[in-house]
Structures are given as structure tokens and as C-alpha cells.
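Colleague: Can you read through this structure? Questions will come right after.
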Amino acid sequence: MKLPLFYEDIIKILPHRYPFLLVDRITELELGKKATGIKNVTVNEAFFQGHFPEKPIMPGVLIVEAMAQTGGVLARLSVFDEKEGFGDSIYFMSMDKVKFRRPVVPGDQLIFRVEALRTGSKVWKMAGKAFVLNDLAAEAELVATIG
Ligand code: BDE
């Protein structure tokens, strides 16, 4: 697969659209193993209108959502089959050990690193970390089911 994956590629893999598509680019991908995604956070994000009107901070739950979307790209491409095409939809079933380590603000570039901990045809467990430069902004373990 030719990297990076751009917006036009990502919308063929994920069903998410504005204002809920939260990964701009996939820069690294090892099928069945790990992926790196990027989101450039600007002051124009819809969610900054309300979170918070005088103090723009990216909602931590959306950082985890963006991390999960990066994991969704990894899982969906990993179960791609020459004959069958993409696997069925991916649904996230649980998230554990979620930590918000530092605020994410306009101008930050978020880098999501997602690693598969356990893979299968039905259940995927992934570890995700969201960085701004070298600072850990959030982390979580994500469990998704395919089908
Ligand atoms: C958020 C996530 C992880 N670590 C730190 C933070 C954080 O600094 N949140 N700050 C929220 C915040 C909200 C409003 Br309203 C406000 O006026 C200010 Br002064 C804040 O720091």
C-alpha cells in the first residue's frame, strides 16, 4: 500500500465524515501489527466552539475517538481479502486504561500510534497512544469487533 494515506484514501476505508472524521493521514502501516495516524488540530474545529468558548481544549474523548479511527483503518485494511474485499464493519466494544495526560490545543499536531495486542477474525485488541511532538497526550486500550 502506498503511504501516506490521504483524506481521499481514508474515506474509502472509514465511514466517518465531517465533523466526525478525526484522522487526516495515515503515515505508517504494518498490516496486522501497527499504524500511525495524524490529525492537525486547528482553531477552526467545530468542537472548539463549545469546549470551551474561552478556553479551546480538544475533548479527551475525541482524542480517543481519533485513536480508535486510526485503529479502525489498521483493522479494516488488515482483514482485507483479495476476493472478499474489506472485512465487515469494525465496532468498538470497550476501552480500558484510558488516560488523559495533557491538554491538546489549537496548533497541535496529534500523532496516533496504535499497536495490535491481539488480532483475530472477530476480536481485535489494540493499544493506542496519542502524542503531541514527544509528549504523551492520551492513551487507551481498545477492543473492537469485526462483523
Ligand atoms: C486536560 C486534559 C489533560 N490534562 C490537562 C487538561 C487541562 O488542563 N484542562 N483544562 C481545562 C480548562 C478548562 C477551562 Br473552562 C478553563 O478556564 C481552564 Br483555565 C482550563 O485549564
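Colleague: For residues that are outside any strand (DSSP E or B) and modelled with pLDDT under 95, scanning just segment 117-133, find the one that is least open to solvent (accessible area, probe 1.4 Å).
Modeller: Filtering segment 117-133 for residues that are outside any strand (DSSP E or B) and modelled with pLDDT under 95, the one least open to solvent (accessible area, probe 1.4 Å) comes out as G120.
Colleague: Filter segment 5-29 for residues that are assigned to a strand (DSSP E or B) and of a type in the set (S, T, Y) and give the result.
Modeller: T27
Colleague: Another question, if that's okay. Looking only at residues in segment 30-72 that are part of a helix (DSSP H, G or I) and of a type in the set (V, I, T), which one is surrounded by the most Cβ atoms within 10 Å (Cβ to Cβ)?
Modeller: Among them, the one singled out is T70.
Colleague: Say we look at segment 78-109 and pick out the residues that are assigned to a strand (DSSP E or B) and open to solvent by less than 40 Å² (accessible area, probe 1.4 Å); which of these is modelled with the highest pLDDT?
Modeller: Once the filter is applied, the top-ranked residue is I90.
Colleague: Looking only at segment 1-48, which residues are hydroxyl-bearing (S, T, Y) and farther than 11 Å from T70 by Cβ?
Modeller: Y7, Y18, T42
Colleague: In addition: Just one of Y7, Y18 is exposed (fewer than 10 other Cβ atoms within 10 Å of the Cβ) and free of Cβ contacts under 8 Å to residues at least 60 places away in the same chain; which is it?
Modeller: Y18
Colleague: Still on this structure, please answer the following. Confirm whether V114 is under 25 Å from L3 (Cβ atoms), at pLDDT 95 or above, open to solvent by less than 80 Å² (accessible area, probe 1.4 Å) and within 16 Å of the ligand (Cβ to nearest atom).
Modeller: no
The values are calculated or read from the model by the stated rules, or taken from the named source; none is laboratory data. On a predicted model such as this, the values are computed, not experimentally measured, just so you know. For neighbour counting, all protein chains shown are included, and Cβ atoms are generated from backbone atoms with ideal geometry for every residue, glycine included. Protein only, heavy atoms only, side chains kept; ligands, DNA and RNA dropped before computing areas. Shrake-Rupley method; radii C 1.70, N 1.55, O 1.52, S 1.80 Å.
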